[in-house]
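A short worksheet on the structure shown next.
The values are calculated or read from the model by the stated rules, or taken from the named source; none is laboratory data. Quick caveat, the model's predicted, so the values are computed rather than measured. Note that we place each Cβ from the backbone using ideal geometry, even for glycine, and neighbour counts take in every protein chain shown. Areas reflect the complete protein model, heavy atoms only, side chains present, ligands, DNA and RNA absent. Shrake-Rupley method; radii C 1.70, N 1.55, O 1.52, S 1.80 Å.
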Amino acid sequence: MTSASRPVLVINSGSSSLKYQLVDPDGGAARVTGHIERIGEGPSSVPDHDAALRRAFDELAGDGIDLRACGLVAVGHRVVHGGNEFHRPTLLDDARIAALEKLSELAPLHNPPALKCIEVARKLLPDVPHIAVFDTAFFHDMPPAAASYAIDRELAERWQIRRFGFHGTSHRYVSERAAAFLDRPRGSLKQIVLHLGNGCSASAIAGTRPIDTSMGLTPLEGLVMGTRSGDIDPSVVSYLWHTANMGVDETEAMLNQRSGVLGLAGERDFRRLREMIESGDGAAQLAYSVFIHRLRKYVGAYLAVLGHTDVISFTAGIGENDAAVRRDAVAGLEELGIVLDQRRNLSGGKGVRQISADDSPIAVLVVPTNEELAIARDCVSLLAGS
Ligand code: ADP
């Protein structure tokens, strides 16, 4: 049996959730998937990530999978922030984990749950390599013009303040799949990828290199998201401090957890938002309009950044499923070369599919993302030394 035909356990921990998948990196099939939600949110929920991971292992055992005997090749951990130091899949040992812990200052909302899961998983599976794959990695080599904030340079250097970008595993995977679908070498293509899920981000990619992306130092910047504001004048923070007596932590929580579509409409799920709009809810309509307006601004900006694009891909929960968002994101842009086929856009489907007209100069695709598979393959490549 080659190592590549053995499964990889991928662990993806969010602030209050934990997703896991046992993936066959060769064929791409997920043998088992699981999702534990509402961690630490109430008396009946799982108290913390330690307990959540133990529950995940119990669930796998319940499915008849003995992780110690199934030939596991690696455990792949999704880590949101790699800072400047980590921009490749990284085999974890005590020293690297200590270095990662330091990065939690840069990503206090995002990295600690992953670190907790790494600690527990290493205890439960001590004989298997544990590998971290970073959301920031793909954007590590973005041009300085896109990666730099226009602030005091020494301050930025001292405190590692730059635009890192996130969802990189998804942007890379989707751009690879789009090129394969179009049967064109990836190096010859310019691409815009729109990852629209609970978190939303856009990227402009020339060949294999990302030229810009919408998220910044943290995943707060850029597009309007389920609960995050995206771009906002940073003076809002000091203004709220002076006028509303809101502390920095309170404002940060507001911008991350109670803003975006949720903040505007009281609802973050786009299926429910659509029902609210249809029943005449003005706040839901405004939330949708703000979401679409920002998305269109980024599409236009990235067309200008790239000069032209060959393909625009929609991915993640909203991008893969919400035909109205796709229609409204590019409506009226025929003169820029984007011509949707409305019938194709409305018809569902499972794999990669084209939703632009055959004579559209720019191909518009729906490309289902699969971060778990990309992480599993990164683990195998690292272990194979490539
Ligand atoms: P994440 O992986 O970031 O947790 P997903 O990529 O699964 O998020 O996206 C979740 C979001 O996708 C949900 O909040 C919901 O708004 C949206 N979504 C999922 N299915 C549909 C659908 N059929 N129609 C519209 N939106 C959907």
Task: Residues that are more than 13 Å from the ligand (Cβ to nearest atom), of a type outside the set (Gly, Ala, Ser) and open to solvent by 10 Å² or more (accessible area, probe 1.4 Å), drawn from the stretch 333-349 - done: Leu333, Glu334, Glu335, Leu336, Val339, Leu340, Asp341, Gln342, Arg343, Arg344
Task: Considering residues of the stretch 124-154 that are in a helix (DSSP H, G or I) and farther than 15 Å from Gly76 by Cα only, the residue most open to solvent (accessible area, probe 1.4 Å) - done: Arg153
Task: Asp281 in contact with a Leu (Cβ under 6 Å, 6 or more places away or on another chain) and away from the ligand (no atom under 13 Å from the Cβ) - done: no
Open item on the list: Can you list residue pairs whose Cβ atoms sit under 7 Å apart, with the first residue in the stretch 228-248 being among the acidic types (Asp, Glu) and the second being assigned to a loop (DSSP other than H, G, I, E, B)? Count only pairs 6 or more apart in sequence or on different chains.
Closed with: Asp231/Glu221; Asp231/Gly222
Task: Conditions (1) assigned to a strand (DSSP E or B); (2) within 16 Å of the ligand (Cβ to nearest atom): number failed by Asp212 - done: (2)
Task: Total residues in the stretch 291-304, condition surrounded by fewer than 18 Cβ atoms within 10 Å (Cβ to Cβ) and either away from the ligand (no atom under 14 Å from the Cβ) or free of Cβ contacts under 8 Å to residues at least 12 places away in the same chain (or both) - done: 6
Open item on the list: Against the conditions (1) at pLDDT 90 or above; (2) at positive phi, where does Gly40 fall short? Just the number, please.
Closed with: (1)
Open item on the list: Looking only at the stretch 13-29, filter to residues that are more than 13 Å from the ligand (Cβ to nearest atom) and either over 20 Å from the mean Cα position of the chain (by Cα) or crowded, with 16+ Cβ neighbours inside 10 Å (or both); which one of those is nearest to Leu67 (Cα to Cα)?
Closed with: Leu22
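Could you identify the single residue in Phe57, Phe86 that is of a type in the set (A, V, I, L, M, F, W, C), over 18 Å from the mean Cα position of the chain (by Cα) and crowded, with 16+ Cβ neighbours inside 10 Å? Talk me through it step by step, then tell me what you get.
Values: Phe86 fails: over 18 Å from the mean Cα position of the chain (by Cα).
Sole residue among the options that is of a type in the set (A, V, I, L, M, F, W, C), over 18 Å from the mean Cα position of the chain (by Cα) and crowded, with 16+ Cβ neighbours inside 10 Å: Phe57.
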TODO: Kindly provide the set of residues from the stretch 232-271 that are more than 16 Å from the ligand (Cβ to nearest atom) and open to solvent by less than 60 Å² (accessible area, probe 1.4 Å), ordered by number.
DONE: Val236, Val237, Ser238, Leu240, Ala244, Met246, Gly247, Thr251, Ala253, Met254, Leu255
Task: Test result for Val174, within 15 Å of the ligand (Cβ to nearest atom) and assigned to a helix (DSSP H, G or I) - done: yes
Open item on the list: Tally up the residues in the stretch 34-51 that are farther than 15 Å from Arg78 by Cα, without any contact (Cβ under 8 Å) to a residue 24 or more places away in the chain, within 16 Å of the ligand (Cβ to nearest atom) and surrounded by fewer than 17 Cβ atoms within 10 Å (Cβ to Cβ), please.
Closed with: 2
